[in-house]
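K.L.:
Below is one structure. I have some questions about it.
The values are calculated or read from the model by the stated rules, or taken from the named source; none is laboratory data. Quantities reported herein were computed from a predicted structural model and do not represent experimental measurements. Here the Cβ is made from the backbone with ideal geometry for all residues, glycine too, and neighbour counts use every protein chain on show. Side chains are part of the model used for accessible areas, which takes the heavy atoms of the whole protein and leaves out ligands, DNA and RNA. Shrake-Rupley method; radii C 1.70, N 1.55, O 1.52, S 1.80 Å.
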Amino acid sequence: ESDCEAMKSADLLSLDGEQHRKCRRAITSKFSFKSIESYLPTISRIIENHLENMLTHQGPVNLTEVFSEPVSRDNHAYILGIPIFMIGEFEEYFVRESDRLNKVEFVRKVYEYKVKNPSDDVIGHMISVGLSRSEVEGLIFVLFSSGRDSIAYMISTSIVALLENRDQYEIIRNNLPVSTDAVEELMRYCSMFVTLFPRTALEDIKIGTISIKKGDSVSISPVAINRDSKIWENPDELLIDRKMETNLTFGHGIHGCLGQGVARVVI
């Protein structure tokens, strides 16, 4: 089957309805609170290894190249279940610039290996729950393409934000381990998505004072919402001890980022 067919059958970012529920349900358990807890020792070890590596460099280093990207790459590979000997190819095709054909061929290579070598990671789980090959390959493509860059971005921009706000940096440093509120505030302050994927109205609707006509497409901006003065007091300030219930950095609802719990841990 063509790569287009695979993507159409399991593209969580554009699917709706029963097919979306089926594909999302197939992997939700691997991103549950219980599953994330089981990932913590390995996530910590990956981060510690890259911190130690960064400290071996003499003089200034490029934080994103030496730390943020490698941390996000290795955690992505670990949780999804990319074999260690394939991580170099994953980086070549999904971290660096590569054309779609190379990406699809690599996805199929990973799929074939995992079918022959069952495992309890995300990819292994998808293969075991009765999805078709097209659906599994489509989900692998989406998961390989999503989330890793967000984590790398958030690590780097969070560190920059703290260096630019030394009083907030001192609050974190003097109150380790890092609190949940601090992580949420950094996510709010450092939001990376100017807009999320657009949705098209199937009927005329009204949200508050805004009327949306059938056929109109609407994009939501997490950056704008996370800096909205109607919601946040002093929204352009980084306040590590800010109390918040939620933010829209990773979306919301049925299309909210499945891996946002992992992202919070790694960040």
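K.L.:
Six or more apart or on different chains, Cβ under 7 Å: which pairs go from a residue in region 20-32 that's within 13 Å of Ser9 (Cβ to Cβ) to one that's acidic (Asp, Glu)? Could you list them?
P.N.:
As it stands, the answer is Cys23/Glu135, since those pairs meet every condition given.
K.L.:
Return the residue satisfying two criteria in turn: it lies in region 100-113 and is open to solvent by 30 Å² or more (accessible area, probe 1.4 Å) and modelled with pLDDT of 90 or more, and of such residues it is nearest to the chain's Cα centre (by Cα).
P.N.:
Lys103
K.L.:
In the set Met54, Met86, which member is under 26 Å from Gly261 (Cβ atoms) and open to solvent by less than 30 Å² (accessible area, probe 1.4 Å)? Steps first, answer last, please.
P.N.:
Values: Met54 fails: open to solvent by less than 30 Å² (accessible area, probe 1.4 Å).
Only one candidate qualifies: Met86.
K.L.:
Restricting attention to region 179-186, does a residue exist that is open to solvent by less than 30 Å² (accessible area, probe 1.4 Å), assigned to a loop (DSSP other than H, G, I, E, B) and at pLDDT 80 or above? Give the steps one after another, and end with the answer.
P.N.:
Taking region 179-186 first, the residues open to solvent by less than 30 Å² (accessible area, probe 1.4 Å) are 182-186.
Right, trim to assigned to a loop (DSSP other than H, G, I, E, B) and you get none.
No, region 179-186 contains no residue that is open to solvent by less than 30 Å² (accessible area, probe 1.4 Å), assigned to a loop (DSSP other than H, G, I, E, B) and at pLDDT 80 or above.
K.L.:
Taking Ser119 and the conditions (1) in contact with a Gly (Cβ under 6 Å, 6 or more places away or on another chain); (2) in a helix (DSSP H, G or I), which numbered condition does it fall short on, given that it satisfies the others?
P.N.:
Status for Ser119: all satisfied but (2).
K.L.:
Take Asp236 and tell me if it is free of Cβ contacts under 8 Å to residues at least 40 places away in the same chain, open to solvent by 60 Å² or more (accessible area, probe 1.4 Å) and either polar (S, T, N, Q) or within 21 Å of Val160 (Cβ to Cβ) (or both).
P.N.:
On the way: free of Cβ contacts under 8 Å to residues at least 40 places away in the same chain: yes; open to solvent by 60 Å² or more (accessible area, probe 1.4 Å): yes; either polar (S, T, N, Q) or within 21 Å of Val160 (Cβ to Cβ) (or both): yes.
Answer is yes for this residue.
K.L.:
Please tell me if Arg133 is open to solvent by 70 Å² or more (accessible area, probe 1.4 Å), in contact with a strand residue (DSSP E or B) (Cβ under 8 Å, 6 or more places away or on another chain) and closer than 21 Å to Lys22 by Cα.
P.N.:
Against the criterion (open to solvent by 70 Å² or more (accessible area, probe 1.4 Å), in contact with a strand residue (DSSP E or B) (Cβ under 8 Å, 6 or more places away or on another chain) and closer than 21 Å to Lys22 by Cα), Arg133 does not qualify.
K.L.:
Moving on to the next point. Quickly run through region 117-166 and pick out the residues that are over 20 Å from the mean Cα position of the chain (by Cα), within 18 Å of Arg188 (Cβ to Cβ) and polar (S, T, N, Q).
P.N.:
The answer is Asn165, and nothing else.
K.L.:
Further question: For Gly17, work out the one condition from (1) modelled with pLDDT under 90; (2) surrounded by 12 or more Cβ atoms within 10 Å (Cβ to Cβ) it doesn't fulfil.
P.N.:
(2)
K.L.:
I've got another one for you. Please tell me if Ser72 is of a type in the set (S, T, N, Q), touching a residue at least 12 places away in the same chain (Cβ under 8 Å), surrounded by 20 or more Cβ atoms within 10 Å (Cβ to Cβ) and not in a loop (DSSP other than H, G, I, E, B).
P.N.:
Working: of a type in the set (S, T, N, Q): yes; touching a residue at least 12 places away in the same chain (Cβ under 8 Å): yes; surrounded by 20 or more Cβ atoms within 10 Å (Cβ to Cβ): yes; not in a loop (DSSP other than H, G, I, E, B): yes.
Here the answer is yes, as Ser72 does meet what is asked.
K.L.:
Continuing with the same structure: Going by the conditions given, is Pro60 at pLDDT below 95, over 14 Å from Ser145 (Cα atoms), in contact with a helix residue (DSSP H, G or I) (Cβ under 6 Å, 6 or more places away or on another chain) and open to solvent by 50 Å² or more (accessible area, probe 1.4 Å)?
P.N.:
Against the criterion (at pLDDT below 95, over 14 Å from Ser145 (Cα atoms), in contact with a helix residue (DSSP H, G or I) (Cβ under 6 Å, 6 or more places away or on another chain) and open to solvent by 50 Å² or more (accessible area, probe 1.4 Å)), Pro60 does not qualify.
K.L.:
For region 136-166, enumerate the residues that are open to solvent by 50 Å² or more (accessible area, probe 1.4 Å) and either among the aliphatic types (A, V, I, L, M) or not in a helix (DSSP H, G or I) (or both).
P.N.:
Residues satisfying the conditions are Ile159, Val160, Leu163.
K.L.:
State all residues of region 32-51 that are buried (at least 17 other Cβ atoms within 10 Å of the Cβ) and either in contact with a Gly (Cβ under 6 Å, 6 or more places away or on another chain) or of a type in the set (A, V, I, L, M) (or both); if no residue qualifies, say none.
P.N.:
Across region 32-51, the qualifying residues are Ile36, Ile43, Ile46, Ile47.
K.L.:
Which residues, counting only those in region 187-205, are part of a loop (DSSP other than H, G, I, E, B) and out of contact with any strand residue (DSSP E or B) (no Cβ under 6 Å at 6 or more places or on another chain)?
P.N.:
Passing the criteria: Cys190, Ser191, Met192, Phe193, Val194, Thr195, Leu196, Phe197, Leu202, Glu203, Asp204.
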